[in-house]
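Notes for the one structure printed next.
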Amino acid sequence: MRRFLSLALLLVFCAGVGCGGRTSRPFTVGFMPKLVGIPYFNACKRGAEEAATELTIKLVYNGPRAADSNEQTNLLDQWVASGSYDCLCVACNDPDLVANSLRNARKNGLLVVTFDADSPAISLSTWPPTMRWPRRWSMPWPRNWDPNQKEKSAS
């Protein structure tokens, strides 16, 4: 698990650093489990903290106290509105409900990665596989990927 989280955070960090437009603040990842306080997500937290220390990036770990999708989307929306994050790494409680918040994050220039649970592909920057091969796979970042590029609306 630690190796996976290190690889995911390394990919996110490398993509973010090469995108330009950076400020003097450290690259910041918001890391959100489905709920805090259970052994599995505590292990994920430890692995993410180790990777963040190794990569010298800032990691903010927070999430719902219960498996509550509304609480998760509210916190995600707060993170996006704050402008303090470069990337969100999320284990989605309800993939369809969380998708709007993740889509909004991408429209605001944040990288979006899911772990443990997928979300509709349109809302993600990438989805690293964990225990199973994903049903749908999108390449992490196209060669000319620009986080400031606005998504085209499907109208």
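Just for the range 55-73: of the residues that are over 21 Å from S84 (Cα atoms) and among the charged types (D, E, K, R), which one is surrounded by the most Cβ atoms within 10 Å (Cβ to Cβ)?
D68
Scan the range 81-98 for residues that are crowded, with 21+ Cβ neighbours inside 10 Å and in a helix (DSSP H, G or I) and report the count.
1
Just give me the residues in the range 34-62 being within 22 Å of L97 (Cβ to Cβ) and not hydroxyl-bearing (S, T, Y), in sequence order.
Answer for the range 34-62, where residues must be within 22 Å of L97 (Cβ to Cβ) and not hydroxyl-bearing (S, T, Y): K34, L35, V36, G37, I38, F41, C44, V60, N62.
What are the pairs, 6+ residues apart or on separate chains, where a residue within the range 76-104 that is within 21 Å of I38 (Cα to Cα) has its Cβ under 6 Å from a residue that is buried (at least 17 other Cβ atoms within 10 Å of the Cβ) and among the basic types (K, R)?
Filtered contacts from the range 76-104: A91/K34; N93/K34.
Residues that are in a loop (DSSP other than H, G, I, E, B), closer than 23 Å to Y61 by Cβ, modelled with pLDDT of 50 or more and aromatic (F, W, Y): does the range 121-143 have at least one?
no
Considering only the range 28-54, state which residues are aliphatic (A, V, I, L, M) and either surrounded by fewer than 19 Cβ atoms within 10 Å (Cβ to Cβ) or assigned to a strand (DSSP E or B) (or both).
Within the range 28-54, V29, M32, L35, V36, I38, A43 qualify.
The values are calculated or read from the model by the stated rules, or taken from the named source; none is laboratory data. Not measured: the values here are computed from a predicted model. Because the Cβ atoms are built from the backbone with ideal geometry, glycine has one as well, and the counts that use them run over all protein chains shown.
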